[in-house]
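The values are calculated or read from the model by the stated rules, or taken from the named source; none is laboratory data. Just so we're clear, the structure is a prediction, and the values are computed from it rather than from any experiment. Please note: Cβ atoms are built from the backbone with ideal geometry, for glycine as well, and neighbour counts cover all protein chains shown.
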Amino acid sequence: MTDAQSQDRQQWMGILARAEETSLAQLVAGLDDLPEHDFLRRPESGLVMVRGRAGGSGKAFNLGEMTVTRCTVRTEDGTLGHAYVAGRRPDHAARAALTDALLQHKTRRDEIMRRVIVPLEQEETARCETKQAESADTRVDFFTLVRGENE
């Protein structure tokens, strides 16, 4: 897998992980000819340690634990799809893993991107813009008054 393909996959996996569960379910249900697949790892929930850095560049520290659900599927042609999603959402993880596997097929990638990833990405952008607009009303600008110095 080339660096460009790896970056593309990282992008779509992030979109699938952050998607609204109901939206992903509707979009995947609308796809034609979903392949048969087996679970190599059924959806399972667990905890991961979230780490942070003070100021974004300071010494790393353990921020706390977060619940995630992971899943791995194998389609009938042997393609593996993986997913990690925040929270206890086994159905979301299974759909995201299957979608990841479908996106790895060159023959279906464009269709899946157009019918699943692009709408999810647009929905995510709209959610972010709404949050920014809501928080803009409460924004406080701090400023410093410059006083004349006694020299």
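Can you name every residue in the stretch 94-116 that is of a type in the set (Ser, Thr, Tyr) and over 15 Å from ALA17 (Cβ atoms)?
Listed by number, the list holds a single entry, THR107.
Which residue, of ARG139, ARG115, is surrounded by 10 or more Cβ atoms within 10 Å (Cβ to Cβ) and either over 27 Å from ARG9 (Cβ atoms) or basic (Lys, Arg) (or both)?
Numbers: ARG139 fails: surrounded by 10 or more Cβ atoms within 10 Å (Cβ to Cβ).
The conditions single out ARG115.
Quickly run through the stretch 51-70 and pick out the residues that are closer than 30 Å to ALA25 by Cα and either among the aromatic types (Phe, Trp, Tyr) or in contact with a Phe, Trp or Tyr (Cβ under 7 Å, 6 or more places away or on another chain) (or both).
Within the stretch 51-70, VAL68, ARG70 meet the criteria.
Run ARG70 past the list (1) among the basic types (Lys, Arg); (2) under 24 Å from ARG109 (Cα atoms); (3) touching a residue at least 60 places away in the same chain (Cβ under 8 Å) and report the number of the one that doesn't hold.
(3)
Name the one entry in LEU40, LEU24 that is within 20 Å of LEU120 (Cα to Cα) and not basic (Lys, Arg).
Step by step, each of LEU40, LEU24 is checked, and only LEU24 is within 20 Å of LEU120 (Cα to Cα) and not basic (Lys, Arg).
Within the stretch 1-57, count every residue that is among the charged types (D, E, K, R), at pLDDT below 95 and more than 28 Å from ASP110 (Cβ to Cβ).
Qualifying residue count for the region: 2.
Take the conditions assigned to a helix (DSSP H, G or I) and in contact (Cβ under 8 Å) with a residue 60 or more places away in the chain and apply them to LEU27. Does it pass?
yes
Criterion first (closer than 13 Å to ILE15 by Cβ, part of a helix (DSSP H, G or I) and not aliphatic (A, V, I, L, M)) does GLN122 satisfy it?
Yes: the conditions hold for GLN122.
Mind listing whichever residues of the stretch 103-112 are part of a helix (DSSP H, G or I) and not hydrophobic (A, V, I, L, M, F, W, C)?
Within the stretch 103-112, LYS106, THR107, ARG108, ARG109, ASP110, GLU111 meet the criteria.
Name the residues in the stretch 14-38 that are surrounded by 14 or more Cβ atoms within 10 Å (Cβ to Cβ) and touching a strand residue (DSSP E or B) at 6+ places or on another chain (Cβ under 7 Å), would you? Break it down into steps so the answer makes sense when it comes.
From the stretch 14-38, those surrounded by 14 or more Cβ atoms within 10 Å (Cβ to Cβ) are 15-19, 21, 23-25, 27-28, 31, 35, 37; that's our starting set.
LEU16, ALA17, PRO35, HIS37 - these are the residues of the stretch 14-38 that are surrounded by 14 or more Cβ atoms within 10 Å (Cβ to Cβ) and touching a strand residue (DSSP E or B) at 6+ places or on another chain (Cβ under 7 Å).
When the stretch 62-102 is examined, which residues are found to be surrounded by 14 or more Cβ atoms within 10 Å (Cβ to Cβ), part of a loop (DSSP other than H, G, I, E, B) and touching a strand residue (DSSP E or B) at 6+ places or on another chain (Cβ under 7 Å)?
Those that are surrounded by 14 or more Cβ atoms within 10 Å (Cβ to Cβ), part of a loop (DSSP other than H, G, I, E, B) and touching a strand residue (DSSP E or B) at 6+ places or on another chain (Cβ under 7 Å): ARG88, ARG89.
Taking ASP33 as meeting all but one of (1) on the phi > 0 side of the Ramachandran plot; (2) of a type in the set (Asp, Glu); (3) touching a residue at least 60 places away in the same chain (Cβ under 8 Å), write down the number of the exception.
For ASP33, the failing item is (3).
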